Structure formats: C-alpha cells, structure tokens
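Working notes, structure below.
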Amino acid sequence: MTSESAQTVIEASGIVKRFGGAVAVDGVSLSVAEGEIHAVVGENGAGKSTLMRILAGILTPDAGTVSVGGTTLEGGAKSAIDAGIALVHQELSLVPEMTVAENIMLGSPPTALGFTKSKELKRIAAAALDEIGVRVDLDEPIARLSVSLRQFVEIARAVARSPRVLILDEPTATLTPAETDYLLRMLQRLAAKGMAIIYISHRIPEVFSICTDVTILRDGQLVETTPISETTPSAVIDAMVGRELKLDLEVTRESHPGEVVLSATGIRAVGVHDVDLTVRAGEIVGLGGLVGAGRTELVRAIVGADPRTAGHVTMTVDGTTTTIGGYQSAVKAGIGYVPEERRTDGLALTMTVSDNVALPNRRALSTAGVLAFGAITKFVRNLADVVGLRPPEIQREVGQYSGGNQQKVVIAKWLGRKPKLIILDEPTRGVDVGAKAEIHRLVRELADEGAAVLVVSSDLPELLELSDVIHVVRDGRIQGTLPRAEADEKTVMSLASGETMVSA
Amino acid sequence: MATKESLTEAIAVAGSPASGGIEKKKFSPLLWIAENGVIVFTVALILFAVIFVNGFASLPNITDVFYRAAPIGIVAVGMTFVVISANYLDLSVVAQVATSAVIFIGISNLYGLLAGFLVATLVAMLYGIVNGVAVGFFKANAVIVTLSTTFIGLGILRWLSGGSIFFGPEDGPIRAFGQASLGPIPASALLLIVITIVLWFVLNRTTFGFAVRAYGSNKQATRLAGVNTTLVVIGAFVITSLAAMIGGFALAAFSNTAVSSMSDGYEFRALAAIIIGGTSVFGGKGSVLRTLLGVVFVSVLTNILVLSGIGFGFQQMAIGALIVVAVSVDALARRAAKK
C-alpha cells in the first residue's frame, strides 16, 4: 500500500521525554505518510503511549519536534488538533451520562450565540458514525452501550474532526474477534481515503494483517522501522524483547514445591473468564501477560479485594482447608496481598512506617485492644531490617520515602504475619535496581521458607528469573502454562500477544 | 528491564547510600499554621481579652465560660472521631443533644436518673448505628445522611414533646450536678476533661482508634490491610453519638431545663472547634486535644463578643467566617505539602 510518491503527513524527530529521573522516550523519530497504516509495537513500558501523547500535544517533549505537513507544531493539545491529529485513547474517555451524539461532539460542539445547535450536532455525529459504518442510536446515553460499542463511539469522535492523522492506542483490547475484524477493515478503508494511521497494538497478528510499516520500541528507544513486507512476526518479537537481555538462569533457585496451598477454581469476575489456578508451598508461580490482560483483576478476585461473579477459592494450611470469601477471610487464612498501586492501595502515605507495618498486625501487637508500643517498635525495627529499609527511620512518614523503600514497607506489612501465601502484583514497578534485587531476594527467601508465592509481573526478565512456573494470561484467561525450563521471553511474549506459533 | 548486572552486583549497589532515598519534607509555614496555629491564636486571644476586654478576667466570667464551653466541648471531642475518619462530620449531633437533654429531664422526672441515663444511651447507640451503617456499609455520603437523621430526630422529638419545655426538680440529681464545682471549675467542665482524656486514649492507644486514624488516612489501603472498615465507621459514629448524649446531659444540667430547640447551632460550633483545632477535614490527621483547644478558642471568642455587647447575629457570622478561613488554610496547606 505504501508507494514512494506518498506524501509524508506527520513527522516526529528526536523526541525525548523524561519523567523525573526515568527516560520514557529516548530520541525517537517517526514519520507516517498518507494512506499508511503504521504500527508502533513494544513491550509494556517501551514508551509507545508516551510517544503518542506527545504527538497529540498532550505531553510536551523535553527535546525534539513534531511537524504536520511540513509545519512544526507549537505544542499543546489545541495546536495538534488544529493541525489534524486525532488520538483515540487507550482508556475510554467518554462521559457516561451524555448521549452518543453529545459525546462525539464533546469539546467542539457547533454553537450559535453560546447555545448548542442540537440539529447540527446530530448531523455531524451521524456523519461520523456513517463514516465508520457503525449504527447506534444518537440519543442513547453512553452508559447503556456495551464496552465495545463505546470504543467505536470513541473512534467516531476522532473521525468527526476529519483528521489527517488518526492515532489509535490499543483499540482492540476490549473487542471480540469479530469486532476486531470489523475495526481492522474500517481502518483500511480510512487509509485508502488518504488518512495517515498510527496503530498501537500488542497483538502481532493484527499488525501483520493490516499495517504497512512497523516501528519497534524498546526501553524508550527506537529499535527499527521497517515495511511489514520485509519482516516476520518472529523477527518483530525478537526485536521487541531484545536478545541481549536474556537472563542468566543460573542465579535462580532450586524449588521444592510441597502441598497445594491455594486452590482457585472457575474464577469469574469483571475481565476474568473461568480461571483455575493452584499454588503450592515453596513454589513461585508467575502470572505473565500484557497490561490489561486481566491479571490484576484475577488476583483481586482470588483474595476477595473485588467481588467474584463465580468460582471457589480455598487455602489449605497444615491440613486444614478454609474457604476464602471476602477479603478479611483471605487475610485471616494467611494470605498477604501486595497490591499493584502501592500509593493508593498499599500504604497510608501520611502515616509513619511504623503505623503502616503495624496496621495488619495490630491484634498481635496489643493486649485487650490496647496497643503495646514497646512491642510495636521492636517488631517494626526488626522488619525494617529484614526488608532493608534505608534509612531505617520507622517514625518517618512513609510518603517521604522513595518508591523502592515504600514497596519494602508494603512487603514488611505482610512479612510480620508470616504469610502462607503472598501475592505480589508488579512488585518492582517504579523501583530502582538495588531495591529490585533486594525484593527479589525477599521473594525467594519466602518461598525457601515454605510460603506459596504468586507474582504478577509485566517485567519479563523478572518473571523469568523468579518463577518456577509461568501462566500467561490474555483476555482474562490463562492461555498457556510454561514450566521454567520451557519458558523464555519469546514464548511468553508470543502467548501474551496472541501470536500462536507456540503450542500452549 | 535493565538488570544486566548479576544479583550480587545489584545488591552491592543497593548497599550504597545513594539508593536509600528519602525526600526531606520542606517546612511549610501554612501547614504549620493549619496544624499548630490554634495554640498561638488561643493564647493571643486570651491575652487580648485579659488586657482589653472589660470584665473578662473576673472569676464569675471565667466560670461562665467554662459552663458554656463544657457541653459543646464534649460534643466536639466526640465528633472528632468522625472527622478524623474522613467522613466530614455528624450534623445530627444537633438533634442528638436536644433529644438527650429532653430524655434526661423528662424520663428522670418520671422514672429516675438511671432510667433517663439508660434510655438516653439506647437512643444514642441507635443514632450512631443508623448513621454508621448508612455511611460505613452502604457508603452513603455522611453529610446527606446526618442531615437527614437530624430531620428525623428533631421531627420525632418535636412530635413527642410537643415543643414543650421540661423542668427538672430543684432538689434533683441533675440540678445538683449542674451546681457542683471544684473552686471556679464547674463539674461539667471536669466531665469534659475526663471525656477528653478517655477519648484521647481510645484514639491514640487502642487498636480501634488506630484503625480510625488509618482509615481516615487511606480507606483503600486500610481495607486491604484486613481491617473491617464498616465496623470502624460505625464505631466512629457511635462514639460521636455517646459524646453527644453526655453533652446533652451537661447542657440540661446547666439550666435544669430541656427543650427541643436548646442545641441549635451545636453541629456548627462543634465543627468550628474541631477545624480550628487543626484536625483536617481530609481525615487521618488530628487529635481530641486539639479539639479541646479549639473549644477554648471558640468559647473565649464568643465570650469576648458577648462582653463587648455584640449581638448573636454577629457571633454567628464570625463563626461561619472562621470556618471558611480555617478549611481554606487546611486545604491550601495539604496541597502545598504534597508538592
């Protein structure tokens, strides 16, 4: 579909974006021509979404420029919109209470004397829906539509502006296979009319079915840009993963799995479809997959942090089996849960390290409901030492510590209860290298001491380094199970992205 | 992703002081004022009153300040639990205080003080549980819930009492309590001090109080630490209601009378004392001792206005304005502290 004569519409050069100390996008250039469907792929955290938000003017780059039709943009979302760039967000950004027509025209409704011209509004909205060939009642509130229909309304909103560049960030994440097919054909039609399309997806087969070119990012850097006709799915996955990052498996531990501790069967919840899972004493089970695959939803449903719609969970400790219903029963049964969002779910940031660690242990640290402060101090000091809190000032507010130290505090909360099962969701996200190694050491030690461990991680080397067995989750289901000996980055990525060259 | 080093190397890196990071908290004058300003302001206000306000520094006037501060203070220290649990406030204390006063005088007249006390306690428990279940279990908005239970409570009280004034007997135990004092300090003020100490202990030294503070600081994290947060919220409302019940007793004892309108404005004065005391409406931060200081501030200020011959309307305006200033400083200070 690409031809040498096609006009370049959007060109980004030398884009750099830092968040604090971390470089999210590091000198990336990208150019897309009329009628081109350009895929941008990479692992979680490779910098894809950040780059797109820079193109759409939502983020300001620290270096580099974006130009459309040869004119450099001044920056800011408005100048990007005026230049004809439309971004379909990864998270749905519709207003549930407003109608389909109002949502499509949100932000740029036709007005006269400050009043919305509702006929005009409906006409443009209907035209946009027509353009993408989706039939839906214009007066229906968004809240009454299915998640996939909302995704199409979101696209209609972008198309309504008649953009020159249409950016879609993971548009198929919430769609069924049939809907995905429809979307892909629709994008080809739009491209044929001359629109430049930038398509972000984790799903390699989709990329190969419609895209003309592919840009691969890794750790914020550009790996390569090639025409689709000159590459293969396998080569793209290799480039995303980066062969040189292969870990030395010698450092991993000997595992001696014991009895089954956690048994979950038929788990269903929002984003989770009929999952069975067991974890044995002394075993580290990894849950791999892409962001949004349903891993966090799965573990939250298992521990009862969010409601399950179906399924049964039991914990077996010293021969006694208990059923896990609500979250408090999970904690009582000896489960420790280190949530994905430590700042909102894991810690009371305005309280001290001591308070945070003591909270789940308060019963053991009190007599007849009265807190024993001497015991608390001793208890927390000891745990701060075990997890390597630096500096070990337990009366300091937790919010003043770095991310790595905060994560150690969350782990310390549960270590004190001597958990029979510890579940860690993205245990080292936003954590420096040193703290990461220490957290890995703690996780291994816990398993060596006989605890069952369940780790969710989007960080492939970490998952491979820690896990005795890896379940790969996609679309809320376990798509494949890989014993450590058979797992490598490529097999995990293939299962996670739906590239089915590996048999599950 | 960037773990190219071996594990031992990585741990060696971790051992260096560079990776042990804490951000030193910058001193924020605004936050200091929000949290500790009440001490300075209260001392300044008392000094001002002693020097410039005629009749302030006399024994009868000081005793009068104590008398008026005691009921409102008891309500305020109790309500501090609801505010610290990040549930804004319990507006229904206005209905609870009047209900308790009417029960103490009315029921005691018929069946004796013990019966009055038992009925008042039962009603207080009911208030606390209804408010607490609606807010803690059904997750309804505390302001709307307690505004509604105020309506319900005052409605029932006016319906049953017919709006009449109840008088206690001159030789009854309630009258005796109202007139008892230790030097210039009335018994009701001593009761306030005892309740403050008890509630300080509950908030700062028990697992329940710990859970209330943690819940106010971060509801989700507290739930995910395994705390039964529904019980925590119900507990905070029950404590507030029991305090309001005792506040109603102190108020009834002051005049030996009770009427459904006698506690008008109490919810607001209690809130003023709590917020001016420096307990944050965002929850998690605060103490009953601060509230006690806030009560002193509000009571002295009201007394100064009365002594200066300034009418009730102006007093009301002054308290309203104080709350607006105090919550704005609090919000501004929290935001500045986050940066």
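Residue A:442 meets each of the listed conditions (1) aliphatic (A, V, I, L, M); (2) farther than 29 Å from residue A:268 by Cα; (3) in contact with a Lys or Arg (Cβ under 7 Å, 6 or more places away or on another chain) apart from (3). Scoring residue B:140 on the criteria (1) under 27 Å from residue B:283 (Cα atoms); (2) more than 14 Å from chain A (Cβ to nearest Cβ); (3) part of a helix (DSSP H, G or I) leaves a single failure, condition (3). Restricting the stretch A:460-475 to residues that are touching a helix residue (DSSP H, G or I) at 6+ places or on another chain (Cβ under 7 Å) and more than 14 Å from chain B (Cβ to nearest Cβ) leaves a set whose member that is nearest to residue A:295 (Cα to Cα) is A:473. Checked against the criterion of being more than 9 Å from every other protein chain (Cβ to nearest Cβ) and part of a helix (DSSP H, G or I), the stretch A:426-433 contains not a single residue that satisfies it.
Considering every residue within the stretch A:356-375, establish whether at least one is of a type in the set (Val, Ile, Thr) and over 25 Å from residue A:450 (Cβ atoms). Taking every residue of the stretch A:356-375 in turn, at least one turns out to be of a type in the set (Val, Ile, Thr) and over 25 Å from residue A:450 (Cβ atoms). The condition of being within 11 Å of another protein chain (Cβ to nearest Cβ), under 25 Å from the mean Cα position of the chain (by Cα), of a type outside the set (A, V, I, L, M, F, W, C) and closer than 26 Å to residue A:45 by Cα holds for residue A:406. In the stretch A:343-356, the count of residues that are at positive phi and at the interface with chain B (Cβ under 9 Å from one of its Cβ atoms) is zero. Number of residues in the stretch A:262-309 that are in a helix (DSSP H, G or I) and more than 19 Å from residue A:419 (Cα to Cα) equals 4. Residues in the stretch A:462-504 that are in a loop (DSSP other than H, G, I, E, B), modelled with pLDDT of 90 or more and under 19 Å from the mean Cα position of the chain (by Cα): A:476 only. The numbered conditions (1) closer than 14 Å to residue A:198 by Cβ; (2) of a type outside the set (A, V, I, L, M); (3) in contact with a strand residue (DSSP E or B) (Cβ under 7 Å, 6 or more places away or on another chain) are all true for residue A:7 except (1). Residue-level check: of (1) closer than 25 Å to residue A:443 by Cβ; (2) more than 7 Å from every other protein chain (Cβ to nearest Cβ); (3) out of contact with any Gly (no Cβ under 6 Å at 6 or more places or on another chain), residue A:361 misses just (3). On the basis of being part of a strand (DSSP E or B) and closer than 24 Å to residue A:196 by Cβ, does residue A:129 make the cut? When the stated conditions are applied, residue A:129 does not pass them.
Would you call residue B:160 away from chain A (no Cβ under 14 Å), part of a helix (DSSP H, G or I), modelled with pLDDT under 95 and farther than 24 Å from residue A:377 by Cα? Criteria met by residue B:160.
The set of residues in the stretch A:434-457 that are part of a loop (DSSP other than H, G, I, E, B) and buried (at least 23 other Cβ atoms within 10 Å of the Cβ) comprises A:451, A:457.
Filtering the stretch A:1-38 to residues that are outside any strand (DSSP E or B) and either at pLDDT below 90 or among the β-branched types (Val, Ile, Thr) (or both) leaves A:1, A:2, A:3, A:4, A:5, A:6, A:7, A:20, A:21.
Here residue A:371 fulfils each of the conditions (1) out of contact with any Phe, Trp or Tyr (no Cβ under 8 Å at 6 or more places or on another chain); (2) among the hydrophobic types (A, V, I, L, M, F, W, C); (3) farther than 20 Å from residue A:327 by Cβ; (4) surrounded by fewer than 24 Cβ atoms within 10 Å (Cβ to Cβ) apart from (1). When the residues of the stretch A:377-395 are filtered to those that are buried (at least 17 other Cβ atoms within 10 Å of the Cβ) and facing chain B (nearest Cβ under 10 Å), the one that is modelled with the lowest pLDDT is A:390. If you go through the stretch A:164-195 and keep only what is among the hydrophobic types (A, V, I, L, M, F, W, C) and outside any helix (DSSP H, G or I), you end up with A:165, A:166, A:167, A:168, A:173, A:175, A:195. Of the residues screened, residue B:215 is not one that is in contact (Cβ under 8 Å) with a residue 12 or more places away in the chain, more than 14 Å from chain A (Cβ to nearest Cβ) and assigned to a helix (DSSP H, G or I).
Scanning the stretch A:196-228 for residues that are small (Gly, Ala, Ser) and assigned to a strand (DSSP E or B) turns up just one, A:196.
When the stretch A:39-61 is filtered for residues that are assigned to a loop (DSSP other than H, G, I, E, B) and either within 19 Å of residue A:203 (Cα to Cα) or among the small types (Gly, Ala, Ser) (or both), the ones remaining, listed by number, are A:42, A:43, A:44, A:45, A:46, A:47, A:56, A:57. Exactly one residue out of A:293, A:330, A:281 is surrounded by 24 or more Cβ atoms within 10 Å (Cβ to Cβ), within 30 Å of residue A:461 (Cβ to Cβ) and more than 10 Å from chain B (Cβ to nearest Cβ): that is A:293.
Applying the criterion of being among the hydrophobic types (A, V, I, L, M, F, W, C) and over 11 Å from the mean Cα position of the chain (by Cα) to the residues of the stretch B:278-292, the residue that is farthest from residue B:69 (Cα to Cα) is B:282. Please indicate, with yes or no, whether at least one residue in the stretch B:187-208 is crowded, with 19+ Cβ neighbours inside 10 Å, touching a residue at least 40 places away in the same chain (Cβ under 8 Å) and among the aromatic types (Phe, Trp, Tyr). Scanning the stretch B:187-208, I find no residue that is crowded, with 19+ Cβ neighbours inside 10 Å, touching a residue at least 40 places away in the same chain (Cβ under 8 Å) and among the aromatic types (Phe, Trp, Tyr), so the answer is no. Say whether the condition of being under 30 Å from the mean Cα position of the chain (by Cα) and modelled with pLDDT under 85 is met by at least one residue in the stretch A:110-132. Checking the stretch A:110-132: not a single residue is under 30 Å from the mean Cα position of the chain (by Cα) and modelled with pLDDT under 85.
The values are calculated or read from the model by the stated rules, or taken from the named source; none is laboratory data. Everything numeric in this text was worked out from a predicted model, so none of it was measured. Because the Cβ atoms are built from the backbone with ideal geometry, glycine has one as well, and the counts that use them run over all protein chains shown.
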